[in-house]
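The values are calculated or read from the model by the stated rules, or taken from the named source; none is laboratory data. Since the structure is predicted, the reported quantities are computational estimates derived from the model, not experimental observations. Cβ coordinates were reconstructed from backbone atoms using ideal geometry, including for glycine residues, and neighbour counts include every protein chain displayed. Calculation scope for accessible area: heavy atoms of the full protein, side chains included, ligands and nucleic acids excluded. Shrake-Rupley method; radii C 1.70, N 1.55, O 1.52, S 1.80 Å.
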Amino acid sequence: QVQLVESGGGLLQAGGSLRLSCAASVRTFSSYAMGWFRQAPGKEREFVAAIRWSGGIISIANSVKGRFTISRDNPKNTVYLQMNSLKPEDTAVYYCAADPRPGAWGSSTAYGYWGQGTQVTVSS
């Protein structure tokens, strides 16, 4: 069983930065690929970024490329999402996800474990 807890969300103005964290309670964190997704009100959950077990970045969504980056610290069982140059359209609940073998990195159905989400609100 894997438990994921996100933190770091908040309210800020456009142009600002936030770093989200996702702490995993699992003994073999390095065996899990990790992803970040987000869901805005009235919209479907969308892929943001994914990272391999070893720390190599798999993919970042075009909508955030150049502004967001994903990283992980395996000894700390934590994955991060650094978000810079935030825009109002980045407003959403951000979720981290984990799976030992996600078949499609950008698909929410490929991940078996999810956190409860953290709200990010960007004002203009």
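Residues in segment 47-89 that are free of Cβ contacts under 8 Å to residues at least 40 places away in the same chain, under 21 Å from residue 110 (Cβ atoms) and surrounded by fewer than 17 Cβ atoms within 10 Å (Cβ to Cβ): 52, 53, 54, 55, 56, 57, 62, 63, 65, 71.
Between 38, 19, the distinction of being basic (Lys, Arg), open to solvent by 40 Å² or more (accessible area, probe 1.4 Å), over 19 Å from residue 2 (Cβ atoms) and touching a strand residue (DSSP E or B) at 6+ places or on another chain (Cβ under 8 Å) belongs to 19 only.
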